[in-house]
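Student: My structure is below; once you've seen it, I'll send some questions.
The values are calculated or read from the model by the stated rules, or taken from the named source; none is laboratory data. Just so you know, these numbers come straight off a predicted model, no measurement behind them. Using ideal geometry, Cβ is built from the backbone for each residue, glycine included, and neighbour counts are taken over all protein chains shown. Side chains included, ligands, DNA and RNA excluded: accessible areas come from the protein's heavy atoms. Shrake-Rupley method; radii C 1.70, N 1.55, O 1.52, S 1.80 Å.
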Amino acid sequence: MGWIHFEPVFVLTELIKSRGMSFEDKFETIEGSTIDDMFNEFQVNEGEREKVLKAIFEENFSREGLSKDASELVSYIESLKEKEREILSFAAEILPEEETIWNEVIERAREYLPENASFESFELFFTPMPRNARITPRSAYCDPLFALEVGKEGLISLCSHLAHHIGRGSIAKEFDFNPDSINDLIVEKFVFLEAEGIANCVSDARNLPTMNKLKEFRDKIEDEFSGYLDILQELYLGYHRGEYKGNLESLKEKAWLLNSFIVPAGCRMAFEIEKAFGREALVKTVGKPLEFLKLYQKAAEENNLFLFEEETFEYLEEDLQGPQIS
């Protein structure tokens, strides 16, 4: 059925080995392709892209004169080249079972999705990225070295999480957040509590092989989740009350620092909702962050957990309905 794509990896490694193409032709082959995303993934600026490609295609993999981000990309691709045979073997194991893997992935994802969710846009592309897997509105991407690390079962688990996001996206309204708005930066985190919290009920990266440090970190945050929700609320209410008028950059920095804490906090909230009201009730909040937060509030009231203030919901009623687009 052709939904798993190793082509970006193999095109890149073939370009490295090719002696019959000019540098310009190789550059053009990458430009605008899926492989081209690797520069954004490693945060390599426009001015260094040609230097990175020269280091790769000349096969000296020199980091001389490159920034830290560019050096990390060169180092990554050197590792990719060294593990080409392992990736080929992994592809040979995975690709014949694409349909079986698809069925298992979708079955797992559907456990926490409404029946009308669809997966039409779900394709997985292996492409250079730093030990991660993610989605865009178009498709899903995974680091091939990370996939090797976690193996076939780990990949299925990763894909079920990604598929949940795709399914959620098929039924949820999109939020048109302004990247320059500090308020939107904070409101987006309330959305992530729902989106990531429920997706992690399907599959949580902390449970993958070799992710012991992540597990330790997320377990700790879940235990202390109320403190992080309190910080998020304080920032949100502080912004609306005008307490940061003279120091918005400080507010922005504090909001960014919460990024790694939002996922485990959302996991704990989803767990408390399911424990109190059952999976069916939790699933009804998929793609509806405000409903997720309100249902968590009811679970928290019953179990003496952290409660959001009514003022928070008053602002969220406006912020989580105003910026939506069809």
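Student: Check every one of the helices (runs of 4 or more DSSP H) wholly within the stretch 162-249 and list those with 3 or more residues that are hydroxyl-bearing (S, T, Y).
Tutor: On the way: elements: 182-202, 212-223, 225-240.
Counting at least 3 such residues, we get 225-240.
Student: Checking S89 against (1) under 21 Å from L162 (Cα atoms); (2) of a type outside the set (D, E, K, R); (3) surrounded by fewer than 16 Cβ atoms within 10 Å (Cβ to Cβ): exactly one of these is not met. Which one?
Tutor: Going through (1) under 21 Å from L162 (Cα atoms); (2) of a type outside the set (D, E, K, R); (3) surrounded by fewer than 16 Cβ atoms within 10 Å (Cβ to Cβ) one by one, S89 breaks only (1).
Student: Right, next: Any residue in the stretch 138-145 that is in a helix (DSSP H, G or I), over 22 Å from R279 (Cβ atoms) and either open to solvent by 20 Å² or more (accessible area, probe 1.4 Å) or not assigned by the TED database to the domain that holds F90 (or both)?
Tutor: The initial filter retains those residues of the stretch 138-145 that are in a helix (DSSP H, G or I), namely 144-145.
Adding the requirement that they be over 22 Å from R279 (Cβ atoms) leaves 144-145.
Then drop every residue that is not either open to solvent by 20 Å² or more (accessible area, probe 1.4 Å) or not assigned by the TED database to the domain that holds F90 (or both), which leaves 145.
Taking every residue of the stretch 138-145 in turn, at least one turns out to be in a helix (DSSP H, G or I), over 22 Å from R279 (Cβ atoms) and either open to solvent by 20 Å² or more (accessible area, probe 1.4 Å) or not assigned by the TED database to the domain that holds F90 (or both).
Student: Scan the stretch 43-80 for residues that are under 18 Å from D143 (Cβ atoms) and in contact (Cβ under 8 Å) with a residue 12 or more places away in the chain and report the count. Before the answer, list the steps.
Tutor: Kept after step one, since they are under 18 Å from D143 (Cβ atoms), are these residues of the stretch 43-80: 43-44, 52, 56, 69-80.
Those left that are additionally in contact (Cβ under 8 Å) with a residue 12 or more places away in the chain: 43-44, 52, 56, 69-70, 72-80.
Matching residues across the stretch 43-80 total 15.
Student: Going through the stretch 48-60 one residue at a time, which ones are at pLDDT 90 or above and open to solvent by 60 Å² or more (accessible area, probe 1.4 Å)? Steps first, answer last, please.
Tutor: Keep residues of the stretch 48-60 that are at pLDDT 90 or above, which gives 48-57.
Answer for the stretch 48-60, where residues must be at pLDDT 90 or above and open to solvent by 60 Å² or more (accessible area, probe 1.4 Å): E50, K51, K54.
Student: Could you give me the residue pairs with C-beta distances under 7 Å whose first residue belongs to the stretch 92-105 and is at pLDDT 95 or above, whose second residue is surrounded by fewer than 16 Cβ atoms within 10 Å (Cβ to Cβ) and aliphatic (A, V, I, L, M) wherever it lies, and which are 6+ apart or on separate chains?
Tutor: Pairs found: E98/M1; E99/M1; W102/M1.
Student: So for the stretch 149-158 (the condition being more than 20 Å from V202 (Cα to Cα) and either basic (K, R) or open to solvent by 30 Å² or more (accessible area, probe 1.4 Å) (or both)), does at least one residue qualify?
Tutor: Step one: filter the stretch 149-158 for residues more than 20 Å from V202 (Cα to Cα), giving 149.
If we keep only those that are either basic (K, R) or open to solvent by 30 Å² or more (accessible area, probe 1.4 Å) (or both) as well, we get 149.
Scanning the stretch 149-158, I find at least one residue that is more than 20 Å from V202 (Cα to Cα) and either basic (K, R) or open to solvent by 30 Å² or more (accessible area, probe 1.4 Å) (or both), so the answer is yes.
Student: Show the residue pairs meeting these rules: Cβ distance below 8 Å; 6+ apart or different chains; first residue within the stretch 286-300 and open to solvent by 20 Å² or more (accessible area, probe 1.4 Å); second residue in a helix (DSSP H, G or I).
Tutor: Close Cβ pairs satisfying both conditions: K288/E194; K294/F313; L295/I273; L295/F277; L295/A281; L295/L282; K298/A276; K298/F277.
Student: Scan the stretch 63-86 and give yes if some residue there is open to solvent by less than 50 Å² (accessible area, probe 1.4 Å), within 26 Å of D176 (Cα to Cα) and in a loop (DSSP other than H, G, I, E, B), otherwise no.
Tutor: No, the conditions are met nowhere in the stretch 63-86.
Student: Turning to a different aspect of this structure: Out of the residues in the stretch 3-39 meeting the condition of being open to solvent by less than 60 Å² (accessible area, probe 1.4 Å) and small (G, A, S), tell me which one is farthest from A163 (Cα to Cα).
Tutor: S22
Student: Report whether or not N303 is more than 23 Å from the chain's Cα centre (by Cα), more than 18 Å from Q321 (Cβ to Cβ) and modelled with pLDDT under 95. Write out each step before concluding.
Tutor: Values: more than 23 Å from the chain's Cα centre (by Cα): yes; more than 18 Å from Q321 (Cβ to Cβ): yes; modelled with pLDDT under 95: yes.
Yes, satisfied.
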